[in-house]
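Please treat every number below as a calculation from the coordinates, not as lab data. Predicted, not measured: the structure shown is a model, and the values here were computed from it. Quick reminder, even Gly has a Cβ in these numbers, built from the backbone with ideal geometry, and neighbours come from all protein chains shown.
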């Protein structure tokens with residue numbers, strides 16, 4: 001759980017009347033649910049403000065009340081008591097994933113109508129990455145400067161294809177820098193007048209394969225292994241995901257229309273994997289991936305990156321291009337036992 005039990009007991013010991021009214025399990029669920037809501041809640045305040053929100057929006061309180069079947073006053077009191085302790089816990093995507101097994105159904109059942117999806121995909125930064133793009137801390141003449149805050153959130157619906165839960169509704173949120181006119185997305189950022197997407201150097205957990213679709217990193221890793229070790233096609237990767245990987249328990253909370261319309265297909269598999277592989281390659285080679293922003297399709301956008309990567313890999317570009325081992329090379333002696341001939345295997349590619 002995000003809030004350690006010892007810390008939870010310590011906080012509750014100061015409010016004995018609260019423990020008399022509520023079960024301990026209710027308190028645990030409240031702390032976990034608020035932790036899962038930290039991303040959308042964080043947009044309601046400055047990234048430089050590390051304090052918890054004094055009062056969350058009404059729709060947030062209403063969601064918690066309905067999801068946990070608590071009285072409104074109990075939710076308000078729990079917020080007042082636990083908000084600081086929960087806010088002190090650092091956000092962790094792995095904890096978010098683990099808690100999803102318990103809470104995704106609640107978000108699907110009670111969150112969608114309140115615009116609260118379980119997956120809330122944000123840029124990895126709340127301030128501009130350009131070190132020269134700053135703003136004064138206050139209005140005084142000699143005020144210190146700090147990285148400019150990103151503002152103007154823009155949101156639209158997406159589907160996140162996950163290894164744990166199958167396809168789940170989510171929201172993509174982009175943020176804008178008014179200083180250098182750059183919009184930041186979950187996977188990349190782009191200047192208003194630029195034609196290039198610049199991807200972040202840290203590999204994302206969720207790969208954007210299409211404008212309204214993401215595939216999680218774990219699924220990309222599984223598909224990569226299936227292709228390398230078993231020669232599985234992209235079409236069959238999609239079939240395996242749709243038939244076997246998707247969590248049937250979670251999918252039961254989605255409408256049949258949504259399940260039919262949001263199935264993984266071969267094109268999306270390739271788009272996700274090519275981008276995943278390019279991002280892995282950029283990390284391995286300590287480079288920054290840049291792709292066309294206004295490409296007609298994701299496939300066209302990826303072609304440039306794949307072509308540049310292939311050019312680099314030709315000839316001496318491969319890591320072990322000049323190695324020799326007993327598996328791929330040997331020396332064949334002449335019939336009279338004299339000078340031998342060196343033989344080696346080579347892989348030939350053609351287009």
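A few notes on this one:
- Kirkwood hydrodynamic radius over Cα pairs of segment 218-266, then Stokes diffusion coefficient at 37 °C and 0.692 mPa s, in µm²/s: 282
- DSSP-defined beta bridges in the chain - what % are antiparallel, rounded to 5: 85
- Segment 178-203 versus segment 216-263: alpha-carbon centroid distance in Å: 30
- Taking one quarter of the surface of the C-alpha convex hull of segment 150-272 gives a mean projected area of 8.7 nm².
- With 10 Å bins from 0: P(r) over the chain, alpha-carbon pairs, percent: 4, 19, 26, 22, 15, 7, 4, 2, 1, 0
- Footprinting exposure proxy for 140, 46 (fewest neighbouring C-beta atoms within 10 Å first): 140, 46
- In the chain, helices alone account for a calculated mean residue ellipticity at 222 nm of -12000 deg cm²/dmol, with every DSSP H run of four or more residues adding -39,500 (n - 2.57).
- Angle between the chain longest axis and helix 72-88 axis [Cα atoms, degrees, rounded to 10]: 50
- Extending 7 Å from Cα along the Cβ direction at residue 292 and again at residue 143 yields two label points whose distance is 4.3 nm.
- DSSP-defined beta bridges in segment 117-320 - what % are antiparallel, rounded to 5: 85
- Relative pair counts by distance (%), Cα atoms of segment 1-116, 10 Å bins: 12, 49, 35, 4
- Highest-first arrangement of 235-244, 326-335, where packing means the average Cβ count within 10 Å: 235-244, 326-335
- Rounded tilt (10° steps) of 24-36 against the dominant C-alpha axis of the chain: 60
- Tilt relative to the chain, helix 58-68 - C-alpha long axis, 0 to 90 degrees, to 10: 80
- A Förster radius of 35 Å, combined with the Cβ-Cβ distance separating residue 310 from residue 95, puts the computed FRET efficiency at roughly 0.35.
- Once both labels are positioned 7 Å from their Cα atoms along Cα-to-Cβ, the gap between residue 319 and residue 285 label points is 1.4 nm.
- Distance between the 7 Å Cα→Cβ label points at residue 333 and residue 45: 8.0 nm.
- Cα centroid separation, segment 1-41 to segment 123-171: 28 Å.
- The Kirkwood hydrodynamic radius of segment 17-69, based on inverse pair distances between different Cα atoms, is 12.4 Å.
- Sites residue 13 and residue 249, calculated FRET efficiency, Cβ-Cβ separation with R0 41 Å, nearest 0.05: 0.65
- Radius of gyration over Kirkwood radius for segment 206-329, both on Cα atoms: the Rg/Rh ratio is 1.05.
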